[in-house]
Amino acid sequence: MKNVILKFLVLLFTTHILQAQESEKENKTTFATKIIHNSVAGFYPIFFGNFETSKNYDITFYTIFWTNPAFGNLESGSDLLLETSVGLGFKLFDKSLYINPSFGITSGKFSSNSTGTKIAEGVVPSLYVNYQKRFLDFEGYIAYYKSIREDDNIITKDYLLNWMAPGINVSKRVVLGAFYESFGITRQEDGDPLLVYQWLGGSIKLKFDKGIAFRISAGATLNTDAGTSDEFYKVSAFIPL
């Protein structure tokens, strides 16, 4: 009887170890979505993936599904911009600082202004920074959209997007701060550089369980060469899956 009990306990212990090891393996990857809507680009979802490595960095990727018809064919809503990128994520200073440089490609007709979809019409180097330490909460991002498909009778454009959201943790769940974003055409063959918009306003970020975060930002348009509205809003929800 004792041998039976001992074997049963060994079996339970072994099963527990295997489950723990399996759980650790599962924790080596993460997948999340971020849903965004703002007053100029409209609605667009993003998917993020993260693969841990044995080194001091993670392998990351993201895909943005831009749904604004102005980023493709206005009449049919086809040929929409698709942005896919791969990068490295570095956790520094006891994981309080996260730096994620990425390099990706765009497909569609956003940069090439062609009659239809161009696969790998452009490249997108980008950098995301996140700093979380005590009462400080900071996020920042910059991306450069460079056209590389220069066929005959195609007018190409390059773009620069950047935003930052510095804030203060007023509680475990709430971050209050500022929000800045600008987007513009840095080069176009048929004209001068053009600032689409430059925003500055306030921001509130709400933190939920399981890593879910919701942010709403709003304020004034500081400058625009494209006749965008005097005010802006931007809402985002980050949801780990």
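So that you can scan it fast, the table gives a plain yes or no per residue for (1) exposed (fewer than 15 other Cβ atoms within 10 Å of the Cβ); (2) of a type in the set (S, T, N, Q); (3) modelled with pLDDT under 95; (4) at negative phi:
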residue: Ile155; (1), (2), (3), (4): yes, no, yes, yes
residue: Leu160; (1), (2), (3), (4): no, no, no, yes
residue: Leu176; (1), (2), (3), (4): yes, no, no, yes
residue: Ser182; (1), (2), (3), (4): no, yes, no, yes
residue: Arg187; (1), (2), (3), (4): no, no, yes, yes
residue: Leu194; (1), (2), (3), (4): no, no, yes, yes
residue: Gly202; (1), (2), (3), (4): yes, no, no, yes
residue: Gly211; (1), (2), (3), (4): yes, no, yes, no
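Can you name the residue in segment 120-140 that is β-branched (Val, Ile, Thr) and either within 19 Å of Ile185 (Cβ to Cβ) or modelled with pLDDT under 90 (or both) and is also surrounded by the most Cβ atoms within 10 Å (Cβ to Cβ) among such residues? The extreme case among them is Val124. Candidates are the residues of segment 61-81 that are under 18 Å from the mean Cα position of the chain (by Cα) and surrounded by fewer than 20 Cβ atoms within 10 Å (Cβ to Cβ); the one that is modelled with the lowest pLDDT is Asn68.
Scan segment 14-42 for residues that are modelled with pLDDT of 85 or more, farther than 21 Å from Tyr128 by Cβ and not in a loop (DSSP other than H, G, I, E, B) and the total you get is 1.
The residues of segment 218-241 that are within 14 Å of Ile35 (Cα to Cα) and touching a Phe, Trp or Tyr at 6+ places or on another chain (Cβ under 6 Å), listed by number, are Ala237, Leu241.
Here the condition is being exposed (fewer than 14 other Cβ atoms within 10 Å of the Cβ) and within 18 Å of the chain's Cα centre (by Cα); of Phe51, Phe93, it holds for Phe51 alone.
Scanning segment 159-174 for residues that are more than 14 Å from Ile142 (Cα to Cα), outside any loop (DSSP other than H, G, I, E, B) and not polar (S, T, N, Q) returns Pro166, Gly167, Ile168, Val174. Against the criterion of being at pLDDT 90 or above, touching a helix residue (DSSP H, G or I) at 6+ places or on another chain (Cβ under 9 Å), of a type outside the set (D, E, K, R) and closer than 30 Å to Asn169 by Cα, Ala143 does not qualify. Only a single criterion out of (1) closer than 21 Å to Asp190 by Cα; (2) part of a loop (DSSP other than H, G, I, E, B) is not satisfied by Gly77, namely (1). In segment 122-143, the condition of being within 23 Å of Ala178 (Cα to Cα) and in contact (Cβ under 8 Å) with a residue 60 or more places away in the chain is met by at least one residue.
The values are calculated or read from the model by the stated rules, or taken from the named source; none is laboratory data. Every value quoted in this text rests on a predicted model; they were computed, and no experiment measured them. For neighbour counting, all protein chains shown are included, and Cβ atoms are generated from backbone atoms with ideal geometry for every residue, glycine included.
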